[in-house]
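The values are calculated or read from the model by the stated rules, or taken from the named source; none is laboratory data. Note that the structure is a prediction, hence the values are computed from the model and not measured. Note that we place each Cβ from the backbone using ideal geometry, even for glycine, and neighbour counts take in every protein chain shown.
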Amino acid sequence: MLDLRRFTGHEMRLSEKLFEFNWGFLLLLTMIASIGFAMLYSVADGSVSPWALRQAGRFAAGAGIMIVTAMIDLRLWMRIAYPLYGVALAMLIAVEVIGLTGMGAQRWLDLGIIQIQPSEIMKVTLILALARYFHGLTLDEVSRLRNLFIPLALVGVPVGLVVMQPDLGTAILLVASGGILFFAAGLRWRYFILAGAG
């Protein structure tokens, strides 16, 4: 589990956060993305437009967002994890009531200015909520049955709402994300075996 006690001693300066950022991971992502850029360049007969340049711009924007997000104090993420999850869940419920239907599924919300897909927001907020919950447990407590009801509900409720849209692909991704968080938190193997057998 992540120990946040080392963050309570002093507020990390921006230079310290930049130094601790995993630049190797960003380099790996850039190398993988570069393969895609090269393929799009080739498909366009040696031209960066329209696909390669557009994709590179999206990657640069995503990388920038990732770096900025990493600079945010972890304590802030801890404080807003549950509220963000609650907002995403409320939007999923709203989809069932007033959602827009497209391509055979009711999965969009019209906010006037923009249309959003709450299930995409839930992919992020679910991870935050589970991480926040498991942070409060010791390694032994994670595998106690009574401590599994809340995280299972955190996963199960949005999965059920997404299946109703229907959007099976996103539902599977939510289950997979939840499973990875359970594993990272230290849940004993027997629970995964039982889940697979069931």
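Here Leu14, Leu28 are screened, and the one residue that is modelled with pLDDT of 85 or more, outside the structural domain of Glu141 (by TED's automatic domain parsing) and exposed (fewer than 13 other Cβ atoms within 10 Å of the Cβ) is Leu28. At least 3 residues being of a type in the set (D, E, K, R) is the threshold, and among the helices (runs of 4 or more DSSP H) wholly inside region 46-146 those reaching it are 74-98, 118-135.
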